[in-house]
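A short worksheet on the structure shown next.
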Amino acid sequence: MKITKRKEHTPAGDINLFIIENACGAWVELSSLGAGVTAVCVPDREGRIEHVALGYADIASYVHDDPNMGKTAGRYANRIAHGALTVGGRSYKLAVNCGSHHLHGGPEGFQHRLWSARELSDGVVFTYRSVDGEEHYPGTLEVRVTYHWSDDMRLSIEYSAVTDEDTVVNLTNHCYWNLRGADAGCALGHELQMKASRCLVTDETLAPTGEFDDVAGTPMDFRSFKTLGKDIHADFAPLRHGKGYDHCWAIDDWQPGMMAEDVVVLRDPVSGRTLAVDSDQPGVQIYTGNWLAGSGPNRSGGRYADYDGVAVEMQGFPDAPNHGHFPSQLIHPGEEYVRRIHYKFGVM
């Protein structure tokens, strides 16, 4: 494995970037800003290696970008309704940065922080210390994100964290994928399959109500391969509220700590590229890039439009701290939060 490191100067400070190239010439680039992924380049069915993760031409565009392109979202990924949080019987008011809700850890979430970095033989370990009271969360959280890249086109991510007080944590990756090519345009022709027969019910602001819906017979049914664009404009309340898919599905037969294979599979019939995802997370948020327009210039010199990429966010359920029957995202001193995601690239 070949690793190349460089440093870029930005208004947020110096960002360290690591290119990790495997024996096949496929490579990923990782960034210390938000412990993020800035590039993934893998072959299509003809062997042509091309970018499949959306990204910007200028590294400075990643600083406080609205799409959180490729980064680690936290301390709590996704929504906490009305910024209301209770931990250990004590109430906390988090910053509201998405309508009336708290999103992805707030306006200064983990995705906007500079992380420390250490090279491995096949990857990088990023670390960050989130102090007690940061974004109004309780407890100092020591966080580690470890990436590995393999010769068989597997990008593995492990999240771990420990705390000195009771707190909540929910970490995920926020890459946007376009398997036809990162700058190829609309991704709604991709086909998606998920091992998920239930979807979290949300209100008109996309906050969970605490209920689940059976996906059968609805536009939310991806148990068999279906193009993302087939039902996205259906007259269906959740899709109208989100301007497309921006919802969390519950993974079938989920068990804490157990890796489930191929829980999500995304494929592009034109390039032949496929992305299969393994994870031990209980949910997956599918976001079809409904608000990508207005983000920074891309590598091709243009700008992304809405629906040019799809995010596959393996995570704990949104707003879980406010719904006692959801899988808990609470951790205590002496415990370690550990979650894993494997992105496996191939061709069909």
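The values are calculated or read from the model by the stated rules, or taken from the named source; none is laboratory data. Everything numeric in this text was worked out from a predicted model, so none of it was measured. Here Cβ is always computed from backbone atoms with ideal geometry, including for glycine, and neighbour counts include all displayed protein chains. Each accessible area value is taken on the protein alone, full model and side chains, heavy atoms only, with ligands, DNA and RNA left out. Shrake-Rupley method; radii C 1.70, N 1.55, O 1.52, S 1.80 Å.
For segment 63-137 and segment 256-332, write down the distance between their C-alpha centroids in whole Å.
Each part reduced to its Cα centre gives a spacing of 16 Å.
Tell me the per residue accessible area of the chain using a 1.4 Å probe; a whole number in Å² is fine. Intermediate results must be reported in sequence, preceding the final value.
Working: 13210 Å² over 348 residues.
With the other protein chains kept in place, the chain gives 38 Å² per residue.
Would you mind classifying segment 268-348 by shape? Square roots of the alpha carbon gyration tensor eigenvalues, ordered a ≥ b ≥ c; an a/c under 1.5 is rounded, otherwise it is prolate if a/b is larger than b/c and oblate if not.
Values: a/c = 2.58, a/b = 1.71, b/c = 1.51.
Verdict is prolate for segment 268-348.
Cα centroids of segment 157-215 and segment 217-253: how far apart, whole angstrom?
Taking the Cα centre of each part, segment 157-215 and segment 217-253 sit 12 Å apart.
Between Ala237 and His325, what length comes free when the chain is fully extended (0.36 nm per residue of separation minus the Cα-Cα distance, one decimal in nm)?
Gain on extension, Ala237 to His325, equals 29.2 nm.
Which pairs in the list Lys71/Lys344; Lys2/Lys226; Lys5/Lys226 are over 28 Å apart, alpha-carbon to alpha-carbon?
Numbers: Lys71/Lys344 18 Å; Lys2/Lys226 37 Å; Lys5/Lys226 40 Å.
Check vs 28 Å cut-off fails for Lys2/Lys226; Lys5/Lys226.
Name the GluC sites (Glu not before Pro) in segment 188-266 that are in a loop by DSSP and that have at most 15 other C-beta atoms within 10 Å, would you?
Details: sites: Glu191, Glu204, Glu211, Glu261; in loops: Glu204.
Answer in residue order: Glu204.
In segment 297-336, what GluC sites (Glu not before Pro) fall in a loop by DSSP, with at most 13 other Cβ atoms inside 10 Å? Walk me through the numbers on the way to the answer.
Values: sites: Glu313, Glu335, Glu336; in loops: Glu335, Glu336.
Taking segment 297-336 and a limit of 13 other Cβ atoms within 10 Å, the loop GluC sites (Glu not before Pro) found are Glu335, Glu336.
Which distance in nm do the two modelled labels at Asp152 and Asp262 give, with both placed 7 Å along the Cα-to-Cβ direction?
Placing both labels 7 Å beyond Cα along the Cβ direction yields 1.3 nm.
Only loop residues by DSSP count here, and only those with at most 14 other Cβ atoms within 10 Å; note down the trypsin sites (Lys or Arg not before Pro) in segment 264-314 that meet that. Present the calculation step by step, with values, prior to reporting the outcome.
Numbers: sites: Arg267, Arg273, Arg299, Arg303; in loops: Arg299.
Within segment 264-314, the qualifying trypsin sites (Lys or Arg not before Pro) (loop, at most 14 other Cβ atoms within 10 Å) are Arg299.
Work out, step by step, the length gained on full extension between Met1 and Arg299: first 0.36 nm times the residue separation, then minus their alpha carbon distance; give nm to one decimal.
Numbers: separation 298, 0.36 × 298 = 107.28 nm, distance 2.52 nm.
Separation in residues times 0.36 nm, less the Cα-Cα distance, equals 104.8 nm.
5 Å is the cut-off here: which amide hydrogens, built 1.01 Å from N in the peptide plane, fall below it relative to Cys98, excluding neighbours closer than 5 in sequence?
Leu103
Relative to the Cα centre, what is the charge dipole magnitude of segment 186-228, using +1 at the beta carbon of each Lys and Arg, -1 at the beta carbon of each Asp and Glu, and rounding to the nearest 20 debye?
Its charge dipole is roughly 280 debye.
Show me, for segment 92-100, the HN-Hα J-couplings you get by feeding each phi into the Karplus relation (A = 6.51, B = -1.76, C = 1.60, θ = phi - 60°), rounded to Hz, glycine and proline as x.
10, 10, 8, 5, 9, 9, 8, x, 9
Which residue, Pro208, Gly133, Tyr159, has the largest displacement toward the positive end of the dipole of segment 133-215 when charges sit on each Cβ (Lys, Arg +1; Asp, Glu -1)?
In segment 133-215, that residue is Tyr159.
Note the full-extension length gain between Arg223 and Thr205 as 0.36 nm times their separation in residues minus their Cα-Cα distance, in nm to one decimal.
Numbers: separation 18, 0.36 × 18 = 6.48 nm, distance 2.56 nm.
Gain on extension, Arg223 to Thr205, equals 3.9 nm.
Which of rounded, prolate, oblate describes segment 148-245, given a ≥ b ≥ c as roots of the alpha-carbon gyration tensor eigenvalues and a/c under 1.5 marking rounded, otherwise prolate only if a/b is larger than b/c? Don't skip to the end; give the middle numbers.
Numbers: a/c = 1.99, a/b = 1.14, b/c = 1.75.
Oblate is the answer for segment 148-245, as a/c is 1.5 or above yet b/c matches or exceeds a/b.
Expressed in nm², what is the orientationally averaged projection area of the convex hull enclosing the Cα positions of segment 112-184?
Values: hull surface 26.2 nm².
With every direction weighted equally, the projected area is 6.5 nm².
Which one, Met69, Met153, Met314, has the greatest fluctuation when you compute a Gaussian network model over the chain with C-alpha springs under 10 angstrom?
Met153
Let me know the longest stretch in the chain that avoids all chymotrypsin sites (Phe, Trp or Tyr not before Pro) found in a DSSP loop with at most 14 other C-beta atoms within 10 Å. Kindly include the intermediate steps, with their values, before the conclusion.
Values: sites that count: Phe225, Phe236.
Between the exposed loop sites, the longest stretch runs 1-224.
Would you work out the relative contact order for the chain, in percent, from Cα pairs under 8 angstrom that are 6 or more residues apart?
Values: 937 pairs, mean separation 64.7, N = 348.
With pairs under 8 Å counted, the relative contact order is 19 percent.
For segment 190-249, what's the relative contact order in percent, using C-alpha pairs closer than 8 Å and at least 6 residues apart? The partial results should precede the final answer.
Numbers: 88 pairs, mean separation 24.7, N = 60.
Relative contact order of segment 190-249: 41 percent.
Could you please state how large a percent of the accessible area of segment 1-127 is carbon and sulfur, counting protein chains only and using a 1.4 Å probe? Please report the intermediate quantities before stating the final value.
On the way: 2280 of 4970 Å².
Roughly 46 percent, rounded to a whole number.
Using a 1.4 Å probe on the protein heavy atoms, what percent of the accessible area of segment 166-307 belongs to carbon and sulfur? List each step's numbers first, then the result.
Details: 2600 of 5320 Å².
Taking all protein chains in place, segment 166-307 shows 49 percent carbon and sulfur surface.
Which residue, chosen from Tyr56, Leu120, Thr86, occupies the Cα position most advanced towards the positive end of the dipole of the chain, where the dipole is computed from +1 (Lys, Arg) and -1 (Asp, Glu) charges on Cβ about the Cα centre?
Selected residue: Tyr56.
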